[in-house]
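Here is the structure we will look at.
Every number in this text was worked out from the coordinates using simple rules, so none of it is lab data. Here the structure is a predicted model, which is why all the values come from computation and not from measurement. Note that each Cβ is placed from the backbone with ideal geometry, even for glycine, and that neighbours are counted across all protein chains shown.
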Amino acid sequence: MTPERLRVLCLGFNDVTEEFPFGPETSVFKVAGKMFALSALEARPLTVNLKCEPENAVRLRAEHPAIVPGWHMNKRHWNTVTVGELPDRLVRELIEDSYDLVVAGLPKATRLRLDRP
């Protein structure tokens, strides 16, 4: 997966914005103002921090050396994923799971507006 494909994938969900609160080199993708992914898209290797349910985070780390505790994040809830070392399909699923997890924590009215019950 290329940096541009990662960016397009993150921006493809409802109500997503790309912001740069940590400087121009780090893209932060938010849904309804809440972060679900962040990546230095020009960095090599390409990595992305994604939110994850704690039990799944531990399992994914055990199964995939390319998934480690979230760098500069709450290690219980965030993973850092080295994109090029995993199948694109798995990376897409992890991004979607992160988005869904953040949406699930939003107020009901916001979730309904996003067509996510």
Legend entry - Stretch in the chain that is longest and holds no trypsin sites (Lys or Arg not before Pro) that DSSP places in a loop and that have at most 15 other beta carbons within 10 Å: 1-74
Inset, instruction - Please give the FRET efficiency for Ala109 paired with Thr17, using the beta carbon to beta carbon distance and R0 = 30 Å, rounded to the nearest 0.05. - result: 0.95
Inset, instruction - Taking H placed 1.01 Å from N in the peptide plane, check which residues at least 5 places from Met35 or on another chain put their amide H under 5 Å from its amide H. - result: none
Inset, instruction - Count neighbours as other Cβ atoms within 10 Å of each site's Cβ, and list the chymotrypsin sites (Phe, Trp or Tyr not before Pro) in the range 1-81 that are DSSP loop with at most 16 such neighbours. - result: Phe22, Trp71
Legend entry - Sum of -39500 (n - 2.57) over DSSP H runs of 4+, divided by residues of the chain (222 nm, nearest 500): -10500 deg cm²/dmol
Legend entry - Cα convex hull volume per residue for the range 3-110 (Å³): 96
Legend entry - Leu41 long-range amide H proximity, modeled H, under 5 Å: Ser27
Inset, instruction - Scan the range 24-86 for GluC sites (Glu not before Pro) in coil per DSSP, keeping those whose Cβ has at most 11 other Cβ atoms within 10 Å, and list them by number. - result: Glu25, Glu42
